[in-house]
1. Scan the range 45-58 and give yes if some residue there is more than 28 Å from Gly182 (Cα to Cα) and assigned to a helix (DSSP H, G or I), otherwise no.
2. Looking at (1) within 16 Å of the ligand (Cβ to nearest atom); (2) open to solvent by less than 60 Å² (accessible area, probe 1.4 Å); (3) in a helix (DSSP H, G or I), which is the one condition that is false for Lys140?
3. Quick one: count up the residues across the range 68-82 that are of a type outside the set (A, V, I, L, M), part of a helix (DSSP H, G or I) and either modelled with pLDDT under 95 or buried (at least 16 other Cβ atoms within 10 Å of the Cβ) (or both).
4. Looking at the range 58-65, is at least one residue within 16 Å of the ligand (Cβ to nearest atom), in contact with an Asp or Glu (Cβ under 7 Å, 6 or more places away or on another chain) and either under 10 Å from Tyr37 (Cα atoms) or open to solvent by less than 10 Å² (accessible area, probe 1.4 Å) (or both)?
5. Is the range 34-48 home to any residue that is of a type in the set (A, V, I, L, M, F, W, C), surrounded by 17 or more Cβ atoms within 10 Å (Cβ to Cβ), more than 24 Å from Gln165 (Cβ to Cβ) and in contact with a Phe, Trp or Tyr (Cβ under 6 Å, 6 or more places away or on another chain)?
6. Taking Gln33 and the conditions (1) part of a helix (DSSP H, G or I); (2) out of contact with any Pro (no Cβ under 9 Å at 6 or more places or on another chain), which numbered condition does it fall short on, given that it satisfies the others?
7. Under 7 Å by Cβ, and 6 or more places apart or on different chains, what pairs join a residue from the range 106-122 that is closer than 16 Å to Cys42 by Cα with one that is among the charged types (D, E, K, R) and surrounded by 12 or more Cβ atoms within 10 Å (Cβ to Cβ)?
8. Identify the residue in the range 168-187 that is crowded, with 16+ Cβ neighbours inside 10 Å and hydrophobic (A, V, I, L, M, F, W, C) and, among all such residues, is farthest from the chain's Cα centre (by Cα).
Amino acid sequence: MPTLAQLLSNNRTWAAKVKQDDPTFFERLEAIQRPEYLWIGCSDSRVPANQIVDLAPGELFVHRNIANQVVHTDFNCLAVVQYAIEVLRVKQIIVCGHYGCGGIAAALGHDEYGVVDNWLRHIKDISFAHQQELNRLSDKEKENRLCELNVVTQVKNLARTKAVQYAWNRGQTLDIHGWVYGLHDGLIKDLKVTASSRAAVDDIYQLHETKRGSRPNASTS
Ligand code: CO
């Protein structure tokens, strides 16, 4: 396990190398942030967003929480989503779960860990909603499938947010993708559940295109 002094030393080596390869790299990044992607992933240390899609600093706006959830009362996530869409004007949002997710495994079990149990209740609810499908599977298959069903659900949850619906109402290009990363091989599976328009939003969650349905002060370009 590296010490903190080693981490700081690593940082100096890294910064020097980046500057050697691209002398104006940091000046350019300091001036402006213009990522095309918002990444919503799990906090798991084994799923580092930039590294697994090989993107440099400045190319990915990132939000991570336990089990990559988009909960409609989580103002942290909602603020990230709104800022990414309306100010940074990202074009793609990627919800990336991962097989072997401890949060998913915990949600399928009965042990208590603390506050995180409340956070994982949302995953238990997904499991309960799909219990017929899940109960036919072995324990391992069940865990893997719930990782996928969770991502599918979070893509839907994102499509239901005001920020996303306002963007689509304005005609802003915005695609939401659902991916799952494999800890065992480092590869990402596209679940092919991309949401790109209001058609992805079930009627009860739809905001109609009234004056409240498109934030007036957001850029319309
Ligand atoms: Co996880």
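The values are calculated or read from the model by the stated rules, or taken from the named source; none is laboratory data. Computed from a predicted model, the values in this text were never measured in an experiment. Cβ placement follows ideal geometry from the backbone for every residue including glycine, while neighbour counts extend to all protein chains displayed. What goes into the accessible areas is simple: the full protein's heavy atoms, side chains included, and nothing from ligands, DNA or RNA. Shrake-Rupley method; radii C 1.70, N 1.55, O 1.52, S 1.80 Å.
1. Scanning the range 45-58, I find no residue that is more than 28 Å from Gly182 (Cα to Cα) and assigned to a helix (DSSP H, G or I), so the answer is no.
2. (2)
3. Residues meeting the conditions: 2.
4. no
5. yes
6. All conditions pass for Gln33, except number (1).
7. Matching pairs, first to second residue: Ala107/Lys124.
8. Trp168
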